[in-house]
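Only one structure is covered here, and it is reproduced in the block below.
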């Protein structure tokens, strides 16, 4: 039987143990991580926490909706010491649709084997890019594209100073001032949420921030989240000078060099933007498929109001 639990009903220790033992383990799914990016998250659970599906719920149109949070790339079904089979996925999806009538976006990790599109549900294939670090750096570097090697060489002659820091503010300032064009409005509270997440990760010693400096100014930086199986390129930013000097290429190459030979995956957290995905592929990263689940079982009258709201938003914020 699959049970639906609110946040205050969840046994954090049993839940986190399932995530830690799961072959699908992702840092985004731990209770302490979700408490920052999706306060009030809820849970589908079965077999005494042998199977768990965290649900980032928020209110929309007066009903609970599952909406993928910022800084949380993938979730889905996790199982302790096994990979869920089709029957496992089917029973959790049935429970999900029973309890949640509206799912604007729920991003499911690659281990899924089941879900199909229906009249009320869409399954949208997405692609991430990851690099297997369990090889010597020389082999990893050999997999870089010709252009990436050229830009790395150019960056090395640019005279950068690099520093590790605990301060995320320079990255936020660079992003706010130089990197928001083309992505639309930044969600209210996004920067504060990032600050809170970094603070939690720092207490757990699971974050690294490296910046590129020239003439005393930070011109680029990358934020890396670390776990036992993955290092995740969660956030980055650069000024025009930082981009011109290939500072981000240099920082990513440094991280790859430092983690080379370890049983880890470097997760680029690729967006569905071709030029950014191409940048990630140029480091020799391979494609990793996952999907976004979208479902709307709301009454037709509510769906009509939703379409009106969406039209107004597109009209006011083209």
### Query
For residue 279, are the conditions met, namely being out of contact with any strand residue (DSSP E or B) (no Cβ under 9 Å at 6 or more places or on another chain), more than 16 Å from residue 156 (Cα to Cα) and crowded, with 17+ Cβ neighbours inside 10 Å?
yes
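Of all the strands (runs of 3 or more DSSP E) wholly in region 1-116, which have at least 3 residues that are at pLDDT 95 or above and over 23 Å from the mean Cα position of the chain (by Cα)?
Numbers: elements: 3-5, 42-46, 51-55, 57-60, 63-67, 102-108.
The strands (runs of 3 or more DSSP E) meeting that bar are 3-5.
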### Task
Take residue 289 and decide whether it is within 20 Å of the chain's Cα centre (by Cα), exposed (fewer than 12 other Cβ atoms within 10 Å of the Cβ) and either in a helix (DSSP H, G or I) or at pLDDT below 95 (or both).
yes
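The values are calculated or read from the model by the stated rules, or taken from the named source; none is laboratory data. None of these values were measured; they are calculated from a predicted model. So basically every Cβ, Gly included, is an ideal-geometry build from the backbone, and we count neighbours across all protein chains shown.
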